[in-house]
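**Student:** If you scroll down you'll find the structure; I have some questions about it.
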Amino acid sequence: MGTPTRSRGARRAEILDAAARLFAERGFHGVSIEDLGAAVGVSGPAIYRHFSGKEALLAEMLLDVSSRLHAGAADLVTVAATPLEALEALVGAHIAFSLGEPHLITVHDRELGNVPEPQRRQIRRLQRLYVEEWVTVLTEVRPGVPAPRLRAATHAVFGLLNSTPHSAGELSGEDAAALLYTLAHTVLVSVR
């Protein structure tokens, strides 16, 4: 009996994951198509069956993570019973992302400029929508605080949470999550 073939979607996901790790480690320009193929056990040119090139792969990677964050936030806010519960869920979900996929944070920080302009605009739009999910919740948690202050606080908290590729290595995942949660929650519920 032969080895089962991976579905096209599974192979694409495998390539995206390997690319995120390689781009985070070596930088976008430090990774060749051959490196990407080797990372998933195929020839470099086989990557072109799934993506038109490295820029397309990078664009899809960053569009995917931005879409997942925005959709996940919208879902959390929808099911939360109270604004504070929604905020707690948002903080917890972003911490899980930050600790679970730090390579994507690194790639976004370093490589967004290598994404073609149309996709870069889409990524930025999704990110703005993600921020506004938080600001909408914070408006209810901290009524009377101007939206620009809430938006600035949200960006500051993202900076804290997205520092995990540089800051979380010495703590266990559980300790890092608890610390990040305490810091983020404290900032957001006390902003004036």
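**Student:** Between rounded, prolate and oblate, where does the stretch 97-192 land on the alpha carbon gyration tensor, with a ≥ b ≥ c its root eigenvalues, rounded for a/c under 1.5, else prolate if a/b exceeds b/c? Numbers along the way, then the final one.
**Tutor:** Numbers: a/c = 2.75, a/b = 1.09, b/c = 2.53.
Oblate, because a/c is 1.5 or more while a/b does not exceed b/c.
**Student:** When the Cα centres of the stretch 28-67 and the stretch 101-128 are compared, how far apart do they sit, in Å?
**Tutor:** Centre-to-centre distance over Cα atoms comes out at 15 Å.
**Student:** In Å², what does the accessible area per residue of the chain work out to with a 1.4 Å probe?
**Tutor:** On the way: 10060 Å² over 192 residues.
With all protein chains present, the chain gives 52 Å² per residue.
**Student:** Counting only protein heavy atoms and using a 1.4 Å probe, what share of the accessible area of the chain belongs to carbon plus sulfur, as a whole percent?
**Tutor:** It is 56 percent, rounded to a whole number.
**Student:** Shifting gears a bit: Provide the packing ranking of 125-135, 43-53, 13-23, i.e. peptides ordered by the mean count of other C-beta atoms within 10 Å per residue, highest first.
**Tutor:** Sorting 125-135, 43-53, 13-23 by mean packing, highest first, produces 13-23, 125-135, 43-53.
**Student:** Please list 3J(HN,Hα) in residue order for the stretch 15-32, calculated via the Karplus relation 6.51 cos²θ - 1.76 cosθ + 1.60 where θ = phi - 60°; whole Hz, with x for glycine and proline.
**Tutor:** 5, 4, 5, 4, 4, 4, 5, 5, 4, 5, 6, 10, x, 4, 6, x, 10, 9
**Student:** Going by a ≥ b ≥ c, the root eigenvalues of the Cα gyration tensor, does the stretch 52-160 fall in the rounded group (a/c under 1.5), the prolate group (a/b larger than b/c) or the oblate group? Don't jump to the answer; show the numbers that get you there.
**Tutor:** Numbers: a/c = 2.21, a/b = 1.91, b/c = 1.15.
The shape class here is prolate.
**Student:** Right, here's the next one. I'd like to know which of Ser190, Gly72, Gly169 lies farthest towards the positive end of the charge dipole of the chain, counting +1 on Cβ of Lys and Arg and -1 on Cβ of Asp and Glu.
**Tutor:** Farthest towards the positive pole: Gly72.
**Student:** While we're on this one: Counting only C-alpha contacts under 8 Å and six or more residues apart, can you give the relative contact order of the chain as a whole percent? It would help to have the intermediate numbers written out before the result.
**Tutor:** Working: 178 pairs, mean separation 42.7, N = 192.
Relative CO of the chain lands at 22 percent.
**Student:** Which one, Ile123, Ala39, Trp134, is farthest towards the positive end of the dipole of the chain when Lys and Arg carry +1 and Asp and Glu -1 on their Cβ?
**Tutor:** Sorting the options by dipole projection puts first Ile123.
The values are calculated or read from the model by the stated rules, or taken from the named source; none is laboratory data. Since the structure is predicted, the reported quantities are computational estimates derived from the model, not experimental observations. Here the Cβ is made from the backbone with ideal geometry for all residues, glycine too, and neighbour counts use every protein chain on show. What goes into the accessible areas is simple: the full protein's heavy atoms, side chains included, and nothing from ligands, DNA or RNA. Shrake-Rupley method; radii C 1.70, N 1.55, O 1.52, S 1.80 Å.
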